[in-house]
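Take a look at the structure set out below.
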Amino acid sequence: MRHLTFVIGGARSGKSQFAEQLALDSFANTAGDTARLHYLATAQAFDDEMRIRIARHQERRSGAWHTTEAALDVPEQINALSRQDAVILIDCLSVWTTNLLINDIKIEVARSHLETAITASTARIICVASETGLGIVPDNALSRQFRDANGQTNQTIAKLADDVYFMVAGIAQKIKP
């Protein structure tokens, strides 16, 4: 039976590190030699600064992780990797939403596929996302479109989640259940 944990917070709040530790703890408690610890990476390195960020994330992860680049195909990767003894960390759904927008992919359809994949999965899934609804209303249409799409995806995942943590300054606050 699947278990979904959602880790949400602002930029540089400690979301990824906290989610990685949750995944490692879950993996340590998973029985069997066939268990897998998966990292679905949604970020793309469009510039040097992003390459550095990605490298920092990679350096934190041990050899136990099986990393899959999933800039656009997160639901398909969940379907492919889901097994009862799998732990899947998706980092991050907000970047995935950005990727969908810049590639003119219908967000509602992709979100529906994500919801279906998570619901059907038997794996332990941990999703990371940025909370972008606490700031000002963006001054341009694309930024407002992202904020709205990200907010709706966050609501969808939070509704499905068994556990939700809100990260503030490196401190995890459990807000669900």
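The values are calculated or read from the model by the stated rules, or taken from the named source; none is laboratory data. Because the structure is predicted, anything quoted here is derived from the model rather than measured. With ideal geometry, Cβ positions are generated from the backbone for all residues, glycine too; neighbour counts draw on all protein chains shown. These area figures cover heavy atoms from the full protein model, side chains too; ligands, DNA and RNA do not enter into them. Shrake-Rupley method; radii C 1.70, N 1.55, O 1.52, S 1.80 Å.
Please go through segment 80-106 and pick out each residue that is within 17 Å of E131 (Cα to Cα) and open to solvent by 30 Å² or more (accessible area, probe 1.4 Å).
Answer for segment 80-106, where residues must be within 17 Å of E131 (Cα to Cα) and open to solvent by 30 Å² or more (accessible area, probe 1.4 Å): V95, T98.
Only one residue in H57, H38, H66 is buried (at least 16 other Cβ atoms within 10 Å of the Cβ) and in contact with a His (Cβ under 7 Å, 6 or more places away or on another chain). Which one? Give the steps one after another, and end with the answer.
Numbers: H57 fails: in contact with a His (Cβ under 7 Å, 6 or more places away or on another chain); H66 fails: buried (at least 16 other Cβ atoms within 10 Å of the Cβ).
Residue meeting the stated conditions: H38.
In segment 3-32, what count of residues is obtained for those that are under 13 Å from A86 (Cα atoms), assigned to a loop (DSSP other than H, G, I, E, B) and open to solvent by less than 50 Å² (accessible area, probe 1.4 Å)?
The initial filter retains those residues of segment 3-32 that are under 13 Å from A86 (Cα atoms), namely 3-4, 23-32.
Going one step further and asking which of them are assigned to a loop (DSSP other than H, G, I, E, B), we end up with 29-32.
Going one step further and asking which of them are open to solvent by less than 50 Å² (accessible area, probe 1.4 Å), we end up with 30.
Matching residues across segment 3-32 total 1.
Tally time: how many residues in segment 150-175 are open to solvent by 50 Å² or more (accessible area, probe 1.4 Å) and either polar (S, T, N, Q) or touching a residue at least 24 places away in the same chain (Cβ under 8 Å) (or both)?
First pass over segment 150-175, keeping only residues open to solvent by 50 Å² or more (accessible area, probe 1.4 Å): 152, 155, 159, 162, 166, 168-171, 173-175.
Applying the additional criterion that residues be either polar (S, T, N, Q) or touching a residue at least 24 places away in the same chain (Cβ under 8 Å) (or both) yields 152, 155, 162, 166, 168-171, 173.
Qualifying residue count for the region: 9.
Could you please find all residues in segment 61-88 being free of Cβ contacts under 8 Å to residues at least 40 places away in the same chain and under 16 Å from the mean Cα position of the chain (by Cα)?
Once the filter is applied, which keeps residues that are free of Cβ contacts under 8 Å to residues at least 40 places away in the same chain and under 16 Å from the mean Cα position of the chain (by Cα), segment 61-88 yields W65, H66, T67, T68, E69, A70, A71, L72, D73, Q77.
Specify the residue that is nearest to the chain's Cα centre (by Cα); the eligible residues are those in segment 8-60 that are more than 25 Å from N103 (Cβ to Cβ) and β-branched (V, I, T).
So, considering only residues that are more than 25 Å from N103 (Cβ to Cβ) and β-branched (V, I, T), the one nearest to the chain's Cα centre (by Cα) is T30.
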